[in-house]
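Everything below concerns the one structure shown next.
The values are calculated or read from the model by the stated rules, or taken from the named source; none is laboratory data. Given the structure is predicted, the values throughout are model-derived calculations rather than measurements. In this analysis, Cβ positions are derived from the backbone assuming ideal geometry, glycine residues included, and neighbour counts consider all displayed protein chains. Just so you know, the surface numbers come from the protein's heavy atoms only, side chains and all, with ligands and any DNA or RNA stripped out. Shrake-Rupley method; radii C 1.70, N 1.55, O 1.52, S 1.80 Å.
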Amino acid sequence: MSSQPITDTPNVPFASSFAAPSAASPPSASPAAVAPGGEGYFNRELSWLAFNERVLAEACNARYPLLERLRFLSISGSNLDEFMMIRVAGLVGQVQRGIDKPAIDGRTPSQQLSAIREKLAELSALQQDIWRDIHFGLAQSDIHIADEQRVNPEAHTWLEAFFLGEILPVITPLALDPAHPFPFVHNEGMGLLFTLTRDADQEKIIEMILIPTALPRFVRVPDDHAAGEAIYISIASLIQRYAKSLFPGFTIQGDGLFRVLRDSDIEIEEEAEDLVRTFRSAIQRRRRGQVIQLELEEDFDPKAEAVLLQQIGVHEAAVIKTDGMIGIDGLSEIASEDRPDLKFDAYSPRYPERVREHDGDLFSAIREKDIVIHHPYESFEVVVDFVRQAAADPDVVAIKQTLYRAGSQSAVINALIEAAEAGISVTAVVELKARFDEEQNLKWATKLERAGVQVIYGFTDWKTHAKVAMVVRREDDGFRTYCHFGTGNYHPVTAKIYTDMSFFTADPKLGRDAAKMMNFVTGYVEPHGLELIAIAPLDLREEIYARIDTEIANAKAGKPAAIWMKCNQITDSGMIDRLYAASNAGVSVELVVRGICCLRPGVAGLSENIRVKSIIGRFLEHSRIYAFANGHAMPSPDAAIFISSADLMGRNLDRRVESLIPIRNRTVHDQILQQVLLANMLDSEQSWWLHSDGSYSRVETEGKPFNCHRYFMTNPSLSGRGGALEAGAVPKLSLRKGRGG
C-alpha cells in the first residue's frame, strides 16, 4: 500500500496561514444555549479512536525509517488493546446494567458501542493493510517474519531443536470434551485450537494449547543459521509447524490461533478497610474479567470456533476475524532488531549545563536560581541525582515524594531506600490505583517499607497524580526546602520518550505549599493559606476558570487577550464551556491537544476563535502547560504561565490530587513560553488540525516545515543560562493576528 500519510479529510488552506479570527460580534448566549443536546462536543471515545488513527498514520510516514514505522504500528495495537479492556469494557458494563446516561455528546452507552465497533472494524483492517506493507518492506531489507520459505535446512534443524528443548516442555495439550473442563484463558492470552482425527478409529477431537506468557511472541533464528538475514518465527507458527510431535497417533485436520481481551478495570469500594489487600484481590479478579474481544484467524475451523465462542461466553459482535497478524502489539519485539539504518538516529539527552557549572551540585545550582529541565531532550538523570544527592547528604533531614508510575527498574526508588537506610526521614506516597502499574507499585511499596520508608497510599477514592519531590536540608540560615515539580512520572523508561517538564526550585513559598500538599495526602489535612500552588480537587479548576475569566474581561475591555494551552486531553464540559465563552468574547485560543479533544473548534457563534492541533511524532507529547496573555500580546514576558500534572478532564480536576505550579522566575518563564510552548504552536511537520466536523488533517506549510522535536534535539539546553533564547531561537514565525497578538 502507499506509504503516504493516512487521512480521509482534505488539507485546508488555513492550516498554515495563521489567518485572523472572524471579526463577527460574539453572541450573548451561553455555550449551552448555542449548542443544545451535546452538539457542541465530540464524543470522548471516538475522539480517542481518531487519536489512534493519527498514531497509525505515523506507521505510514515515508519520512520515518522502517523499524520506527513498525514501532508505531505496534503502539497502535497496544493502545487499542487498552481501549478495549478499559473504555469499551466500561460501556459494555453500563449496557448490561441498563445504564443509559448519555455521554457529553448525547450518545447513550449502546449508541457509543455501535459507533465504536464500526470504527474499530475500519482501524483493524487498516492495521493489517499497514502490516502487509511494512512486512514487504522489511523483507526487502533482509528482515523476514514468519516466512517459511526463508527457513533453510540448517535453520530448520535449529528451530526443531529449539521447539523440542524450549517450547515443548512448557506447553500442554488440553482436550476439549465433556470429560475435561474448559481451560481458563487469561487476559491478553493467546492459544491454538487443533482439529484432530484419531488414526485408530477416525474419531474427531479438538485440542487446545495455551501459549504461556513466559514465552516471547517471536523467535529469532541465530545469525549463523540464517545466511546473513534476520528471520523471525512466531511462537504460534513454531507450534503449528512441529505440532505432529505433540499429537502422535493423530492426523491434524486444521488449526487456528486466537487471542482474548478481558475487562481490566479495577473498582475499589470506598469503605475498603485494607487498601493493599483489596488491591491484591482486585488484581486477581482482573485477570478473570469478562471477555470483551476475541481475535480469530480468518480460516479458523468452524466447529472449533463454535466451541470457543460457547465456552468463553463472548457475543459474536465482539469477535474480530483477520487474515493477517493477531496481536499487533507483539511486533514491538521485532522493532528492537539491531538495525541502526532502519531506525531514527541515536539520540543522547544532554545533562543540564547549569548543574555542570556547579560541579554537579544540584542544591547549589537550585539555590542560585530556579531550573527547568525539558525531557527527553535533557537527561532524566538529573531528577534521579536530586534524590540520590539528597540520600548521600548529611545535612538532609527529610525527603517526601509522590510516586505514580516508577517502572520496573527505578533508580529513584533505590535512592529513596538508600536515604532511609542512611537515617533520613523518607515519606513516599505510592499510588496503588495507577492503572496496569498496580502490581508493580505494590512491590515497590513493600520494598520501601522494608527499608524504613514511611509509605502512604493516599486517598481511597482519589488518585494522587501530582509529581512532587521535596528535600528538606539543614543550612547555615535554617532549614531550606528544595522542590521538584514535574508534568511526568518518575519513570526512567518513559522519560526517554515522553516530552515533559521538570521544575526545580528553592522558592520558600513553593516549598511551604508543597509541604501542605503532602500533608493533605498523608494526613488528610486540608491545606489552608496556599500561597502559589493550586491543588485538585480543591481549587485547581477554579484557578484556571479565574484565569480564563480574566482573559474574557480583558477582551471586553479592548486589551490583548489570548489563551495558549498544551495538554494531553480535554474532555471536561465545564472547562470546554469556559473556553467557548472566551471565544465568544473575542479571546484568541490556541490549543495543542495530543489525544482526546471533546471541544469542537471553529464553529461560528460558538468557538470561531479557537484552534486545536495535535502533535504526533518521534516523542510522545506529555507536558501540560497553561498560558494566559494577562493583558499583553503573546508571547509576552508578562503572561501568566503554569505547568501542571493535570489534563483538562473531569477525573483530573475532580477525582485526583493534582498540582498547578505558577512559573515566576523570568528566565524559566521565557524558556517555557518562548521556547517550548511557542515551538509546539509553530510545529508544521508533525502536526494535525482538528476541524469542526471532528476530522483531522495534517498541517501544510508553503515554506520550510518546522519540526519541534528536531528543534529541541539540536538546539542549546533550556537549563543553560538563557542563551537558547537568543542563539537557537524558535523560527521567526508569527501566530495569527488578533487581540491575542
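Would you check which residues across the stretch 474-491 are of a type in the set (S, T, N, Q) and either open to solvent by 60 Å² or more (accessible area, probe 1.4 Å) or part of a loop (DSSP other than H, G, I, E, B) (or both) and list them? First the steps, then the outcome.
The initial filter retains those residues of the stretch 474-491 that are of a type in the set (S, T, N, Q), namely 481, 487, 489.
Selection gives Thr487, Asn489.
Residue under question is Phe163, and the condition is that it be out of contact with any Asp or Glu (no Cβ under 8 Å at 6 or more places or on another chain), assigned to a helix (DSSP H, G or I) and exposed (fewer than 14 other Cβ atoms within 10 Å of the Cβ); does it hold? Quick ask: steps written out before the conclusion?
Values: out of contact with any Asp or Glu (no Cβ under 8 Å at 6 or more places or on another chain): yes; assigned to a helix (DSSP H, G or I): yes; exposed (fewer than 14 other Cβ atoms within 10 Å of the Cβ): no.
It is false that Phe163 is out of contact with any Asp or Glu (no Cβ under 8 Å at 6 or more places or on another chain), assigned to a helix (DSSP H, G or I) and exposed (fewer than 14 other Cβ atoms within 10 Å of the Cβ).
Looking at the stretch 243-266, is at least one residue closer than 19 Å to Ala304 by Cβ and of a type in the set (S, T, N, Q)? So that I can check it myself, show each step before the final result.
Our first condition is that a residue be closer than 19 Å to Ala304 by Cβ; within the stretch 243-266, this holds for 243-244, 246-247, 250-260.
Applying the additional criterion that residues be of a type in the set (S, T, N, Q) yields 251, 253.
Within the stretch 243-266, one or more residues are closer than 19 Å to Ala304 by Cβ and of a type in the set (S, T, N, Q).
If you check Ser237 against the conditions, is it closer than 20 Å to Asp299 by Cβ and either touching a residue at least 60 places away in the same chain (Cβ under 8 Å) or charged (D, E, K, R) (or both)? Step through it out loud before you land on a result.
Values: closer than 20 Å to Asp299 by Cβ: yes; either touching a residue at least 60 places away in the same chain (Cβ under 8 Å) or charged (D, E, K, R) (or both): yes.
Yes.
Among the residues of the stretch 98-157, which ones are part of a helix (DSSP H, G or I) and of a type in the set (Ser, Thr, Tyr)?
As a first pass, look at the stretch 98-157 and keep what is part of a helix (DSSP H, G or I): 109-140, 148-150, 153-157.
Matches in the stretch 98-157: Ser110, Ser114, Ser124, Thr157.
For the stretch 450-471, which positions are open to solvent by less than 40 Å² (accessible area, probe 1.4 Å) and among the polar types (S, T, N, Q)?
Of everything in the stretch 450-471, those that are open to solvent by less than 40 Å² (accessible area, probe 1.4 Å) and among the polar types (S, T, N, Q) turn out to be Thr460, Thr464.
Among the residues of the stretch 698-720, is any open to solvent by less than 20 Å² (accessible area, probe 1.4 Å), modelled with pLDDT under 60 and at positive phi?
No - not one qualifying residue is present in the stretch 698-720.
Mind checking whether some residue in the stretch 525-545 is in contact with a strand residue (DSSP E or B) (Cβ under 8 Å, 6 or more places away or on another chain), aliphatic (A, V, I, L, M), open to solvent by less than 60 Å² (accessible area, probe 1.4 Å) and over 25 Å from Arg651 (Cβ atoms)? Reasoning before the result, please.
Quick first cut of the stretch 525-545, residues in contact with a strand residue (DSSP E or B) (Cβ under 8 Å, 6 or more places away or on another chain) only: 527, 532-537, 540, 542-544.
Now restrict to residues that are aliphatic (A, V, I, L, M): 532-536, 540, 544.
Subset that is open to solvent by less than 60 Å² (accessible area, probe 1.4 Å): 532-536, 540, 544.
Now restrict to residues that are over 25 Å from Arg651 (Cβ atoms): none.
No, the conditions are met nowhere in the stretch 525-545.
Checking Arg107 against (1) over 19 Å from Asn52 (Cα atoms); (2) surrounded by fewer than 21 Cβ atoms within 10 Å (Cβ to Cβ); (3) without any contact (Cβ under 8 Å) to a residue 60 or more places away in the chain, which single condition isn't satisfied?
Every listed condition holds for Arg107 apart from (3).
Residues in the stretch 211-233 that are open to solvent by less than 20 Å² (accessible area, probe 1.4 Å) and outside any loop (DSSP other than H, G, I, E, B): how many? First the steps, then the outcome.
To start, the set of residues in the stretch 211-233 that are open to solvent by less than 20 Å² (accessible area, probe 1.4 Å) comprises 218-219, 221, 226, 230-233.
Within this subset, residues satisfying the condition of being outside any loop (DSSP other than H, G, I, E, B) are 218-219, 230-233.
The total comes to 6.
Any chance the stretch 310-331 includes a residue that's modelled with pLDDT of 90 or more, touching a Leu at 6+ places or on another chain (Cβ under 6 Å), surrounded by 14 or more Cβ atoms within 10 Å (Cβ to Cβ) and part of a loop (DSSP other than H, G, I, E, B)?
Looking for residues that are modelled with pLDDT of 90 or more, touching a Leu at 6+ places or on another chain (Cβ under 6 Å), surrounded by 14 or more Cβ atoms within 10 Å (Cβ to Cβ) and part of a loop (DSSP other than H, G, I, E, B), one finds at least one in the stretch 310-331, hence yes.
Matching residues to (1) more than 21 Å from His375 (Cβ to Cβ); (2) in contact (Cβ under 8 Å) with a residue 12 or more places away in the chain; (3) β-branched (Val, Ile, Thr):
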position: Ala629; (1), (2), (3): yes, yes, no
position: Ala633; (1), (2), (3): yes, yes, no
position: Pro637; (1), (2), (3): yes, yes, no
position: Phe642; (1), (2), (3): no, yes, no
position: Leu648; (1), (2), (3): yes, yes, no
position: Asp654; (1), (2), (3): yes, yes, no
position: Val657; (1), (2), (3): yes, yes, yes
position: Leu660; (1), (2), (3): no, yes, no
position: Asn665; (1), (2), (3): no, yes, no
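If a residue counts only when it is within 21 Å of Cys483 (Cα to Cα) and free of Cβ contacts under 8 Å to residues at least 60 places away in the same chain, which strands (runs of 3 or more DSSP E) contained entirely in the stretch 364-470 have at least 1 such residues? Steps first, answer last, please.
Details: elements: 371-375, 396-403, 425-430, 454-456.
The strands (runs of 3 or more DSSP E) meeting that bar are 425-430, 454-456.
Does Ile424 count as modelled with pLDDT of 90 or more, of a type outside the set (D, E, K, R) and open to solvent by 10 Å² or more (accessible area, probe 1.4 Å)? Show your work before the answer.
On the way: modelled with pLDDT of 90 or more: yes; of a type outside the set (D, E, K, R): yes; open to solvent by 10 Å² or more (accessible area, probe 1.4 Å): yes.
Against the criterion (modelled with pLDDT of 90 or more, of a type outside the set (D, E, K, R) and open to solvent by 10 Å² or more (accessible area, probe 1.4 Å)), Ile424 qualifies.
Could you identify the single residue in Gly586, Gly595, Gly558 that is among the small types (Gly, Ala, Ser), under 30 Å from Arg655 (Cα atoms) and out of contact with any Gly (no Cβ under 7 Å at 6 or more places or on another chain)? Step through it out loud before you land on a result.
On the way: Gly586 fails: under 30 Å from Arg655 (Cα atoms); Gly558 fails: under 30 Å from Arg655 (Cα atoms).
Residue meeting the stated conditions: Gly595.
For the stretch 492-502, which residues satisfy the criterion of being surrounded by fewer than 21 Cβ atoms within 10 Å (Cβ to Cβ) and touching a helix residue (DSSP H, G or I) at 6+ places or on another chain (Cβ under 9 Å)?
Pro492, the sole residue that qualifies.
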